[in-house]
Structure formats: C-alpha cells, structure tokens
1. Which FRET efficiency value, to the nearest 0.05, do you get for C:Asp66 and C:Asp106 by plugging their Cβ-Cβ distance into 1/(1 + (r/R0)^6) with R0 = 22 Å?
2. Count, for each residue of B:528-534, the Cβ atoms from other chains sitting within 10 Å of its Cβ, then give me the mean as a whole number.
3. If you take the alpha carbon radius of gyration of the range B:9-135 and divide it by 2.2 N^0.38 Å, what ratio comes out, to two decimals?
4. Can you list residues whose amide H is under 5 Å from B:Leu581's amide H, if they're 5+ apart or on another chain and H is modeled 1.01 Å from N?
5. Over the range A:3-68, calculate the relative contact order: mean separation of alpha carbon pairs under 8 Å at least 6 apart, over the residue count, as a percent.
6. If you line up the long axis of helix C:89-102 against the longest principal axis of chain C, both from Cα atoms, how many degrees apart are they, to the nearest 10?
7. Could you derive backbone 3J(HN,Hα) for the range B:73-88 from the dihedral phi with the Karplus parameters 6.51, -1.76 and 1.60 (θ = phi - 60°), listing whole Hz in sequence and x where the residue is Gly or Pro?
8. Quick one: which of B:111-118, B:610-617 comes out on top by average Cβ neighbours within 10 Å, and what's the full order, highest first?
Amino acid sequence: MTREQILRLYLEDELLVQKGYLKEGEGVDAKWADHRNKKIVEVIKFAIEGVINGDSQTMMTRKINQFLDKD
Amino acid sequence: MCYAGENRFDFTEGMNVIIGDNGYGKSKLYDAFYWAMYDECYDTNEKEWKKTRLIGNSLISDKAVFESSDSLVRASVKLTFKDIAKDCQYIVERILTGQKKGQEFITDTDSVEEITYRQIAGMTGKLITSPDEVDRIKKKVLPDNIRPYMWFQGEQVESIIDFGERDSLTQAINVLSNISRFDEISEVADAWGESASDQYHRKVKSLSTDKDSSDRLEGERNKIVERITLLEKDLRQYKDNLGTAEEETDKLVNKQEEAIQIRELDVRRKGLEQQLTQTVEEEQFERVDLYQKMFSRRWVLKGSADLVKAYNGKFSAYNDIKITKRAEAKARIEAENNIIKKLQTRLPVNVPEPHNVEKMLRLERCLVCNREAEEGSEAWEAIRQLLSEPDNDLQELEKELATNHNFESDFRRLSQHGYAMEQDIHRVDADIKSALRRLNRLDKRRRSLADDVEKVNNDYANLVTESAIDGERAKRLLSELQAKNEFANRFRANLTRAEIELERKQKELEEIDAKLGDLVKGELPAWLEEKKKLLMDFRDLAQSTRERVFDKLVKQLEDEANKHYRQMMQGNLSAQGIIKLMESSKGNYMPRLVDGEGNPLMQLNTGNIILIKLSTIMAIISARQGSRDTDLYTLITDAPMSVFGEDYTIGFCKTVSSVYRQSIIMSKEFYKNETLRRQLLTDSEINLGKVYMITPSIAESERSNRNSLSTNIKALN
Amino acid sequence: MELIKRLKEREPEYLERYHEMILSFTMEQGGKLGTATESASWEQGKYFTRRYEIYMYAALLGLKKDYRIEIPRGTDKRKFIKIGSWQPSEIADYIIMGLFAKSDIDLKTLEDMEEDEVEKELTKLRSLLEEYANGGFDLIRAKKEEDPAFFSENENCFLDLLDH
C-alpha cells in the first residue's frame, strides 16, 4: 500500500466528521498533499511516515512532540 | 510403508492425485516434500514438527538397511521446481546417510542439502553454495507466509484455521494485504496518546493551588489507575476464558450431534447383524433340510417312472401267466371231475340232496336200500361220490399249481409300492421348485442384509474415526457439555462484574481528574489542551480505522471462502449456510456457518467443519488481489476428504483444480471406491494432472516383515 | 415278504476307488452319527448324512440312465451295512423294484426254482445293484472331472444332477 492509500483510509473514517475535523465527503479521494492546514491530518501523516520508515517509538514521539509542543 | 529403491513421480499442471489406502505411504510422501525443503517432519502423535536430528533413524527404510551389501545406506528426496516465467529449474535435494555398525544402524546427525539451478534448455546444473542464495531460492519457490496455507496435512487443518491464537487471523489477513501497518500505527497512536495524557496531567499537577489536596487526590488517582489496570487485565482473562469455554461448548455441541449419530448407527448395526445371523441360520437350516427331502420327499426318484412301468410290465406278465395257468388247471380239473362224475353216477346231480348223502355217510348206511356201508368200503365210497366236492377241487387245483416258492405277495407288494411312489414322482418337480424358491428368497435377504451391515459398519467406523469420539466419550458428552456451560456462565458473570466495576472506576477517575483540574489556577496552555485532544482523537481514529480495514479484509476473505464453499457444495440440496468469520469473546475469529439472518448453524458434522476450514484456507491465498499465488505455487495436501462423502469429494476436486494451477492431493477416497475413481479420471470439470496409485508390494498379512516391503507406483493416466 | 426280506439281508459293496469320494460327500465317517451338528457339517460340502444315502442315490442314477458297469473279479471293494438297514426303507424297496425290473429274472421261473438256485438269483440281484451303483458313481466322477467347480461351488449340485 502506498502512503497515500493508507492516509486515505484514515481520512475516510466517520470519526473525523463526527469530531468536527472534516466535513462530510472531504476525506474521499484525498491526496497526500491535501489538507495540509489540518493538524490532525499532519499527525496522521507523521504516524504513517514513521511506521513505513521503521522509526523507533522514541523517535516518533520526539517528532510529534516537536510538531505539537509550543515551548 | 516403505520407499526403498528409486521412486519417481512426475507432476504436471492441474490437480495431481496420489491414491493409496491408509498405511500405504501417503503421509510419508507428504513428509518427503516437507523434509526436502525444511529438514523437518510432522509427528502426528505428538503434534509437533521435528528436525532430522530428532528423528533420523526412522527416516531410513528397514528394507534398504536389510538389503544393503556395503554398510552404507542413503535416503534422499529430490524436488524439481519449474519457474515457468524464466524457464529454468531449481532442484532441491536432501540426503541423509547412515551406516551399519554390526547389528546397529546409525544415521548421521544432520542431513545434507543440495540446491541446483539449471536452465532447462541447456541442461547444465549449477550447485548453489551460498546459504543466503539457498534461502532466497527456497523462499522464492514457496514464500514463508504462504506456506501454511499451501502445504498442509489433513491433521493440521484444524490448527491452521484455528484463529485461536490472537495473531493467527491477523497473520492470515496479512497474507491478503498488509494490515500490520495499521496495527503499528495504532500502537504509535496509543503511545502518543498516553504520553500526551501524562504530559497534561503533570502540567495540571504543577499548576495546582493546593499541593496537599492535589497530592491526596493524586494518591487516590494512582490507586484508581492501578485498579483500572488490574481490572483491564482481569477482563482480558475473563474474555479469554469465556471465549475458550464457548469454543469448547460449540465443539461439544457439534460432537454431540455426532455422538447421537454414532449411537444410532451402533444400534442399527447391532439390529442388522442380529437379523443377518438369524437369516443365515434359517438359510442353513433350509439347506440341510433340502438334502433330507431328497429322500423323505422322494426327490431322488425323479425321472425314474420308467422303472415302475418296466417292473409292472413284468409283474403283469407274471400275474397273467399265473391267472392263465390257474384257469387252465381249474378247467382241466373240473373237466376231469365232471367226466368222473358222469361215469360214476346214474342219478342226476345232487340227487339225493347232499345233506341226505352226508347223513348216509355218517350212519354208514345207505338209506335207499338200507344196506350197511362201512366207511372206506366200496359202498361207502359210492355214496360219497354223490357229493360234488368243490373243496376237493380246490385242493387239487392248489396241488397242481403248487410251485417251490410263492413270491406273489412280495411281487405284488413291490408293484403296489411302485404305483404309490409313482404318485410321489409326479409332484417332485413342483416340490423342488418351491423349496428352491424359498431358499432363493432367504439367500437374497441374506445378501442384502450383509451389504447393509457392511455399509453401516463402514459409516460407523468412519464417523468414529473422524469425530474422534468412541462409544465411551459419547456417553460422557452430555455431562461434559453441562460442565462447560457452567464454566461459561461463571466467566460471564465475572466478566459483567468486572465491566461494571471498570466503568465505575473510570468514572471515578474522571471525577478526580475534574477535581484536580479545579485546583488549577490560571489556565492550562492552549497548545497542550489541543495536543491532548488531537492525540486522544488520533488514538480513537487509529483504532476505528484499523477495525474498518480489518473488517473489510475479513469480509473479503469471507466472500472468497464462500465462493469456494458454494462450489464445493454444488449439487447438494441440503447445503445451507454462509461462512462468516465471527469474533468470539476471546477476541479471536472462528469460521462459522450462519443462516440468512446471521444466526449460527449449530450441530455441524465434522465433514462440514472441515469443508468450511478448507474453503477458508483456500480463500486466504486466492483472495490476494493482484497476486498470482495460486498460479505460481503448488497446493500440496492430504486433506481428509472421506468425511465429506462422495458428492463433496468431487466438488472439492473441481474447486481445487480451478483455483490452483497445480495441486498435489494425496487421497485414500479413490482407492477403494472405483466409481469415484472413474469419475475423477473422466469428469471434464476437473482439471486433472497425473494420477498415481501406490500399493504395497506384499499383502497386508505379510507386512509384519518390514525387510521385504516396498512400494509399487502406478500411473493411472 | 420272504423274498424281499432275504434280499435285504445282503450287504452290497462299492469299489474302493470311490471310497474317498463317498466320504467327501458324507457327514458320517463310520457310525459316529450325531457328533457334528448338521449345520456345521453342512459347510464342509457334505450333502449326505449316511453312506448308504449316496449309495442309493448312485444306484437310482444308474437305474434311471440304464447305466451299469460290471465289477471285474478281484477289484478292491468295500462293504457296508445291509440293505435292510437303509432308511427310508421305501426308497430301498423302490430300488429293489427297479432291480427286478431291470434284471433278466423271470418272476414265474423264480418261483419254480430250488432253494439254492433262488439264493443264486438273489446274489445276482445284489451284483446288479452294485453294477448300477457303480454306474451311478462313474457318472458322478465324470461330472466332477468335467466340471470341478460343480460340486464345490454349487450347493444344489446333487439336486441338479437329478436332471442329468
């Protein structure tokens, strides 16, 4: 599966609409480059990247903290 | 069974079948494939794989050891794989050598492996020496993740599809498509969620206005968290236990059905056997009777009526002569007497009347002239002459006719006897016919009963073997079932209790967290709030998506399995149900049969269960979209088809031959059943490869001598 | 009944060479009747209970077919029980009737003979019986040779032979 295919599967999930992150239908046929403005999408991408690259848990936690921490 | 000497099989595309009865060496053949590739064999008694070093000696044929002139014996298996795309061959050979040392025979500890690569056209082979390359080739020829579903023995069907091990369905689904990615992402999400949660919580603590209260709350909180962890562990345990109990109950319920069937068959066969014994006795009795009738009903006289005629001819002649002679003599005597009478009397006959004459004789006096007539005197004789003497005549007659012997009564008796017997002779034919008819009826009945008995005995034996229940277990089944049900109920109760408590504790946790939050002065940083929310949501998302993807793959697997299942059940009217992979309390998946409403169909027989499992195994490979696994790799199995019954066996063959480009099936079903064998060889819907039949070289009864055993391999097409 | 009675005192003989064959078809080996149950003996392919039964069978076979074979002097023979002991006696009587029919004895002349002459004739009748039985045995032997399975495979063999 490509990164994009995996991402799409997450974006298609009802939960994102329910929790207000995406509007109905926005996740369908999304491309990797889409929705860069949405933090949740970036989080997902980080996870996908890290797992496919084979990064360690520690490294991935550090990366996400880097992205989300503000001080 | 013994494969001493050189034995060769040439397989083609299509479904190749090796036919042999139990004990003829089919399992050994399967072992050969596996051993050549992986240096192991499956021990069916202990249900585990064993490397060569653990089983060495038993791999070498006794006959080969016995017959070897020099003390070395070599066992080897050579598998030739053809790469159709590249038009080259890989030859995998494994060799085990052993040596005779006096009375003992010792094998080498390890086997030797040789992999050769060659282009078919050129026919030059190159021995592969690099271990990495060897490994690569073996994986190329049969990838590890596919192996369990392509090369398996009948006994392993249960365990392959058990999906009881938490990860085994995941493993299977992974063959379809790589779901492990989603598991990994879920794990990452969990870790992130937890770390963010901790981070948040620490911040809350640090911002607390009342350190003492927050410490106290913290203490309580920790206890709650501890308790929650324990409860979660317990919950997992209870779910596990419940799942196991439910599975075992299911198995027992199914077995119960079979146990009932077994009991019924047992009763039926005993009844039939009794009838058979009775009929045999009756028949024998009739037979013995038959030969007694030969004499008591005069059957032995059949066709001899001419004798009676002949004898009576003689007897009539004899009789006629006697009568004639008597008549002649009588006439003559009468004539003689008449003449004498005429010459001697002057009076008319019977004058005086005889009573007067007798009086005169008594008185010894003539009453006419009143003269004395002494007895014996001339005068007395003259008077006597007046009497006509029939007695005298008779006596004279008899004297004339007298012979030395008088056998008339004997001859007459024989004649009468002959006539009496003649009457009997006339009805002999009809008599024999009706006796034979009766015997025939009994014979027919005996035959049909014997057939029935054989069939029922076979069914009984098959059922007992395949269901692995004997008579004793069958009786205990009901109480076992009850016990298991009780367990299940107990676990269910524990589960519910734990769930309730967990909910309560989680609520308590929330409350404490709220209290802790209330103690916070100022505000928590927005980015932290956001981070926590994002990562908790992501955690939920990862779980949800994983489930969705997983479910989709499961559905894909189900659909494919049902396709195979339907094809195999084709033509069977009683076939019903859809295969569904259902999640149990344990969290694992079991293939089940359900009806239109999704209700599980209970009481499946062993045959059904195996078919479902086989369908699922086949689906794992065939459902791989975009893959050519069924094209590239060979199915090798000795799946137990006997539980299916004949109809399903052919359906199974059709399905297998259509799903896999090449398969090698080892079967005993086609051994005894010639009709089935013919069907296999002629059915156009079965894409057939080579069919071999293996038989032992010597008969069953002599097989105790292992030194002279060998195997005959015969190609049937 | 004197004549028949006297004849029934005779003990006929059969050729030694048929002894095995006779035994093979008979349950009774020599006076030990009742040792084996009838059905048990049955399976051994034994159709007759006593030896005289098969003798009667053979005699009737010979008589029916008018097939008799003289027994040359000096041939080995075996004797068994007198005709009077044969059961059922009706069959024995019938056979006697048959003998008389086939013999060249003139019934009337017989009655005129002297005692010793009668004895001679009775002896001739016994010989005749043996000759017809001999013929019957030969027919059985020939059948066995021509079709070995006939007696071993066919449980109705002697029944079928009646139609011969």
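1. Values: r = 19 Å, r/R0 = 0.88.
Once the sixth-power term is evaluated, E becomes 0.70.
2. Partner-chain Cβ atoms within 10 Å, mean over residues of B:528-534: 4.
3. Normalised Rg, Cα atoms only: 1.20.
4. B:Arg592
5. 32 percent
6. It is inclined by approximately 60 degrees.
7. In residue order, the calculated couplings are 10, 10, 10, 8, 10, 10, 10, 10, 9, 10, 8, 5, 5, 8, 6, 9 Hz.
8. Details: B:111-118: 17.2, B:610-617: 25.2.
My ranking of the peptides, most packed first, is B:610-617, B:111-118.
Computed from the coordinates by the stated procedures, all read-outs in this text should not be read as laboratory data. Computed from a prediction, not measured in an experiment: that's the story for all the values here. Note that we place each Cβ from the backbone using ideal geometry, even for glycine, and neighbour counts take in every protein chain shown.
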